[in-house]
Structures are given as structure tokens and as C-alpha cells.
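Asker: Once you've had a glance at the structure underneath, I'll fire off some questions.
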Amino acid sequence: MGTWRRRVSKYLVLILSLMVGFTLLYHYGMIYFEGDRSQTIFESIHMIVQTFTTTGYGNDGPWTTPLMLIFVSVIDIAGVALIFIALPVLIVPWFEEALSVTVPTAIESAVDDHVIICGYTPRIETLIAELTSWGLEYVIIEPDRELATTLYEGDHSVIHADPESIEAFSAARVRSARAVVTDTSDAVDVSIVLTAKEAADGVRVISVVDEPERETYHRLAGADEVLSPRELLGESLATKVTTGVSTNLDDAVDLDEAFDIVELPIQQHSELIGRTLAESTIRERVGVNVIGAWYHGEFETPPAPSTVLRRGTILLLAGRHDQLEQLKELTLSDVRRHERGKTVVVGYDEVGESAVSALAGAGLPYTTIDTEDKPGVDVVGDATDPDVLTGADVDDAQSVILALPDDTVAQYVTLVIRDLDPSVEVIARAEESEAMAKMYRAGAEYVLSLGTVTGRMLASTILEDEEVVSLDTQVEIIRTSAPRLAGYTLADANVRTRTGCTVVAVERNDAVITTLPPDFRIQAGDTLIIAGTDEDTNRFTELLST
């Protein structure tokens, strides 16, 4: 209300000044021009008030002298003008403020063991979903009033305060919090870490770093955990390049020495293309289990036997390491099985640099494109320009990694690449999870979201009862307990129908059980390894784990 009150004060000063001035001028005008020496100052005040409020002129009119007529006309215009000024400057803002949502500046009820999130970004949504599924309270400290209002109206727990102030952490009850999470920018994050530790030295602080080399400063500031999702994302995008970066399935999720879970994309010209899942006889030929499949951003588990396998279909598979190696040969293109072609990396920020480092480590040729001329960039230019992509020989490349931080630009570049070379493999970064479906429609074979990776890393660090074992895959694979399922068989539990998840394996007495028939009975103390989308695993947690 501070701004509105200042406006009211200025407006009142203006009105009073005009009324006093007009009253004195009118009073002496009536005496000297109209010759009415009986006019009192109070009658003049009354006249001005009547004029300003448009209620009339009392008994003073009509006036006989031109100067008084002109003067009264000026008073009339001034009164009406003040009314019109009051509407936009005072009345409308007053109603807006009176009717607007008031965002709390402190936690309104007693909470304990909650997570404090400093500053809101779309990357935080995955973490919030994980916390909600486990029934953990959280509060967002958001300095931007408009964004805080939007979050508050969206039923988020939020307070409007500056996360770089001790008062904000006191208002968020930091001393009783489970953890503090900050993911804004490196410099601001360091300031927030220092503030949080000053407010409560014992609180656990988790910081997300943009540039890995700055991790040292976050730790010096007092951060207990420093996560680098951009680095992991870049490495993961590189391992998805199917020209040979991961010839030994290094990106598989290892459950034990003999059993892995892996995502394998079906490439152009693979012998599996055009066949149904039943006709592919994958299980009969190599012995692996098909847990699910991604079809242009839509996950299906279990995939129907009649599902036709096409280029870009991504299979989620479970089996022994040697079995998965055999199946990888089936998914590879005959052309690409023996060639190690060039990869074009578009975007050379932290994600792009990490991807290039992984490609270099695998001994693969690459070309980099970025709008800025800096060390490591081979082609300088805007990738939305077909000539720039042609200058980087995209039409001769086997794979393109899009490491662009702008989802809209990345979608556009994908379409340009598809127009230049429909056969090139496009592996893309998405800043927000919601953009993944658009990237697939644009023509990308594999898309991984920074928001998903960041949220999973944070959730895996904060949560004690859940371990995320697939930070950088489209499907989330978690290791968790499910006490509500103890005593039930898998058929009776009906996990897949109720949650959309698949029970991949069960850990019991330090052994991993991967053969799970429908009559397999879950025992108290079992740890389940389940696979599904982030939404599905959260549903599993809400229904069966908590």
C-alpha cells in the first residue's frame, strides 16, 4: 500500500492547494468585480466545494462580469479534471490492491522437516512433484511479487521475500527445515548459501551450479551438496549418440553385476523397423524383457505386441549385460554399425561443452556451432539459418546434439535440420519438461529435459526413502520400499494398472530378484526397483510407499 498512499498524499496536497487558492481568488473577485461586499470567506469556501464536487453553485450565480465568468469556468474545468485524474491514479489502483491476492511474507502455520526452495524456476517443478508425492512440506522464497502471486494462486506454498536476507529464512522457519535448495544463478546461489548458513548453521544446504568449475566457491560458502545437472545432461546427450559413444552400454542402469536396465533407440535402417513387437521376437532371440517404449514422447508400458517399431522408437529394456549388447546390434543401422561419423553440437554453453568433452573422450569427430566466437566454437552463427548449418556440414553428419537453452529456438532448429537432412539423428536438450513433446513432434529422436535431470538430482539428494537410479533417462527408475504391498502377489497388487509403473526387480536379503512371475509375493523389508514416467513413479509413491 506504500505507493498508493504516496499517491493519495500528493493528490490531497494538490486539491487542498487548489481549493485554498481558488477560494481566495473567488472571495476577492466577488468583492471587487461583482461588488458583493457581504460575501464571507466561508461562503466562498462553500462555493468552491460545490464546484469541485459538481453539486452546484448555491446562490452566487449568475455572475455579471466577464472576469468572474471566466474564472468560474476555470474552476469548473479544474474540478472535473481532478475527478478524472482521481480515477486512474487513485480509485482504480485502490480497488486493484483491495481485491488483489496478498502473498504471505512468512509461513502462516507451524511446519517441521520442510524443504525451503529459494527462487522459483521451471526446473524446480520436478522436485516439487517428488516432495508432494512423499507428503513433504515445502516453501518457496520468491522475491518477485508478481511471480510469487502467481505461485500462491496456483496453490504453491510460497512467501514473498528476498532469499538473500536473514529475515526471509527466519520467516521460512529455517531452523526446523530439512534442507535448503537454491537454483538461481551461481553468484546469487553463493549469496543465498552464505545467508542460509548465517541464519541456521546446522541446516543442510543444497546448491545447483551452472558452471562446474565454480563448485569450489559454493562449497567455500558452506553448501553441503553442490549438484551440476548441466554437466550430467551434456554427458548423457553424448552417450545417446548411437554412432559409438556408448558401445559398451555405459549409460545402462546397473542393478547388480549381471542385470541392467537401458534405453535403446531404434535407428533408421535397423532390421527391426516395420515389425511389430511380437514379430521382432526380441525376448526369444536375446532373452531381454521389454519394460516399455517411447513413441515420440509418449511412454507406453507394457507396449502392446501389435505395436509397430519405427525409427525413433525408444525401448526400455531389462536384462543381462551380454543380452543387451546383442539387442543393441539389432537396433543399430547397418550403415552406422561400422561407421563413426561426425556429430554436430549446436550450442556451446555448459551443456554443449560437457557433450563435446564426452565425444572427445570417445574419440569421435565433432563440429560445434554457437552464436558467440569463443574458444572451442568451430562455426559462428545462428543455427536457425540453414546456411550456418550447411557450413557445419550437418547434411553429412550422422548425429546432431542440440544443446540450446531456448526451447523455442531448439524446436525451430530441429525443423531446419530435418529439412536439410531427414536421415540425420537429432538428440536434443529441453529446458523445460513441457517442451519435450514439441521437440519430438519437430523430429528429434531423443529429448532429455534439464528440469527433469535437476529435479531428480535434488530429490535423490533430499529424500531418504527413495533412491533415483536413473537421473539422465526419460524413464525414471527408483529404488524404494512399499510397505503397503507386503504380503501381496504382483498380480494382486496390480501395480501397473494402479500406477502405470512396472516392478523391474526386487532386492531381498542382499540379492536382486529379476524373475518376477505374477504369483511372486512381496515380503516386508523388500526393496522394489520400479520404472515409469516421473508422474507414474510419483503416483506409486503416493499410493503405495507412504
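Asker: Helices from the chain with mean Kyte-Doolittle at least 1.0 and a Cα length along the axis of 24 Å or more, per DSSP H: which?
Answerer: Numbers: long enough: 2-32 (45 Å, 0.65); 66-86 (30 Å, 2.53).
Taking the DSSP H segments of the chain (at least 24 Å long, mean hydropathy at least 1.0), we get 66-86.
Asker: Something else: Taking R0 as 25 Å, what's the FRET efficiency between THR497 and SER306 from their Cβ-Cβ distance, rounded to 0.05?
Answerer: Calculated value: 0.80.
Asker: Tell me which residues come under 5 Å, amide H to amide H, from VAL475 once H is placed; ignore anything under 5 positions away on its chain.
Answerer: Residues meeting the amide H criterion: none.
Asker: Rounded to the nearest 5, what % of the DSSP beta bridges within the chain are antiparallel ones? All intermediate terms of the calculation are to be shown ahead of the outcome.
Answerer: Numbers: 36 of 71 bridges.
Percent antiparallel among DSSP bridges in the chain is about 50.
Asker: In whole Å, what is the distance between the alpha-carbon centres of the range 259-332 and the range 128-196?
Answerer: For the range 259-332 versus the range 128-196, the Cα centre distance is 42 Å.
Asker: If amide H atoms are built 1.01 Å from N in the plane of the peptide, which residues on other chains or at least 5 residues away come under 5 Å of the amide H of ALA428?
Answerer: For ALA428, the qualifying residues are LEU402, TYR446, VAL447, LEU448.
Asker: Follow-up. Figure the gain on full extension for TYR488 and TYR32 (residue separation times 0.36 nm, minus the Cα-Cα span) and round it to one decimal in nm. Display every interim value, and only then the final one.
Answerer: Working: separation 456, 0.36 × 456 = 164.16 nm, distance 10.41 nm.
Between TYR488 and TYR32, full extension yields an extra 153.7 nm.
Asker: Between ILE291 and residues 5 or more places away or on another chain, which pairs have amide H atoms under 5 Å apart, with H built 1.01 Å from N, and which residues are they?
Answerer: Those lying under 5 Å, H to H, from ILE291 are LEU316, LEU317, ALA318.
Asker: Moving to a separate point now. Extension gain ARG320-VAL188, at 0.36 nm per residue separation less the Cα-Cα distance, in nm?
Answerer: Details: separation 132, 0.36 × 132 = 47.52 nm, distance 4.56 nm.
Taking 0.36 nm per residue and subtracting the Cα distance, the gain is 43.0 nm.
Asker: Using a ≥ b ≥ c from the Cα gyration tensor of the range 348-440 (square roots of the eigenvalues), is it rounded, prolate or oblate, where a/c under 1.5 gives rounded and otherwise the larger of a/b and b/c decides, a/b for prolate?
Answerer: Numbers: a/c = 1.35, a/b = 1.17, b/c = 1.16.
Rounded, because the longest to shortest axis ratio a/c is under 1.5.
Asker: Further question: Please compute the Kirkwood hydrodynamic radius over the range 408-487, one decimal place, Å, based on all pairs of different Cα atoms. Mind dumping the intermediate values first?
Answerer: Numbers: mean 1/r = 0.0694 Å⁻¹.
14.4 Å is the Kirkwood radius here.
Asker: Note down the Stokes-Einstein diffusion coefficient of the chain in µm²/s, whole number, using a Kirkwood radius over alpha carbon pairs, 25 °C, and 0.890 mPa s.
Answerer: Working: Rh = 27.9 Å.
Rounded to a whole number, D works out at 88 µm²/s.
Asker: What does the C-alpha gyration tensor say about the overall shape of the range 111-176? Classify as rounded when a/c is under 1.5, otherwise prolate if a/b is larger than b/c, or oblate.
Answerer: Details: a/c = 1.83, a/b = 1.09, b/c = 1.67.
Oblate, because a/c is 1.5 or more while a/b does not exceed b/c.
Asker: Within the range 348-390, report the GluC sites (Glu not before Pro) that DSSP leaves as loop and that have at most 10 other Cβ atoms within 10 Å.
Answerer: Numbers: sites: GLU350, GLU353, GLU372; in loops: GLU372.
Those satisfying the criteria are GLU372.
Asker: Then there's this: Hey, got a sec? Which GluC sites (Glu not before Pro) in the range 445-546 land in a DSSP loop and have at most 13 other Cβ atoms within 10 Å?
Answerer: Values: sites: GLU445, GLU464, GLU466, GLU467, GLU476, GLU507, GLU535, GLU542; in loops: GLU445, GLU464.
Within the range 445-546, the qualifying GluC sites (Glu not before Pro) (loop, at most 13 other Cβ atoms within 10 Å) are GLU464.
Asker: Now a separate question. Among rounded, prolate and oblate, which fits the range 420-546 when a ≥ b ≥ c are the square roots of the eigenvalues of its C-alpha gyration tensor, a/c under 1.5 means rounded, and a/b larger than b/c means prolate?
Answerer: prolate
Asker: A further question follows. Extension gain ARG285-LEU220, at 0.36 nm per residue separation less the Cα-Cα distance, in nm? Don't skip to the end; give the middle numbers.
Answerer: Values: separation 65, 0.36 × 65 = 23.40 nm, distance 5.42 nm.
Full extension from ARG285 to LEU220 adds 18.0 nm.
Asker: Can you pull a Stokes-Einstein diffusion coefficient for the range 175-218 at 25 °C (0.890 mPa s), Rh from Kirkwood over Cα pairs, as a whole number of µm²/s?
Answerer: D = 232 µm²/s.
Asker: Reachable lysines from LYS438, Cα under 30 Å, same-chain residues fewer than 8 places away excluded?
Answerer: LYS240, LYS328, LYS342
Asker: Step through the residues of the range 503-520 one at a time and calculate ³J(HN,Hα) from phi using the Karplus curve (6.51 cos²θ - 1.76 cosθ + 1.60, θ = phi - 60°), rounding each to whole Hz and writing x for Gly and Pro.
Answerer: Karplus-based 3J(HN,Hα) across the range 503-520 equals 7, 8, 7, 10, 9, 9, 6, 6, 10, 9, 9, 10, 8, 10, x, x, 8, 5 Hz.
Asker: How much accessible area per residue does the chain have, in Å², with a 1.4 Å probe?
Answerer: With all protein chains present, the chain gives 45 Å² per residue.
The values are calculated or read from the model by the stated rules, or taken from the named source; none is laboratory data. Because the structure is predicted, anything quoted here is derived from the model rather than measured. Quick reminder, even Gly has a Cβ in these numbers, built from the backbone with ideal geometry, and neighbours come from all protein chains shown. Each accessible area value is taken on the protein alone, full model and side chains, heavy atoms only, with ligands, DNA and RNA left out. Shrake-Rupley method; radii C 1.70, N 1.55, O 1.52, S 1.80 Å.
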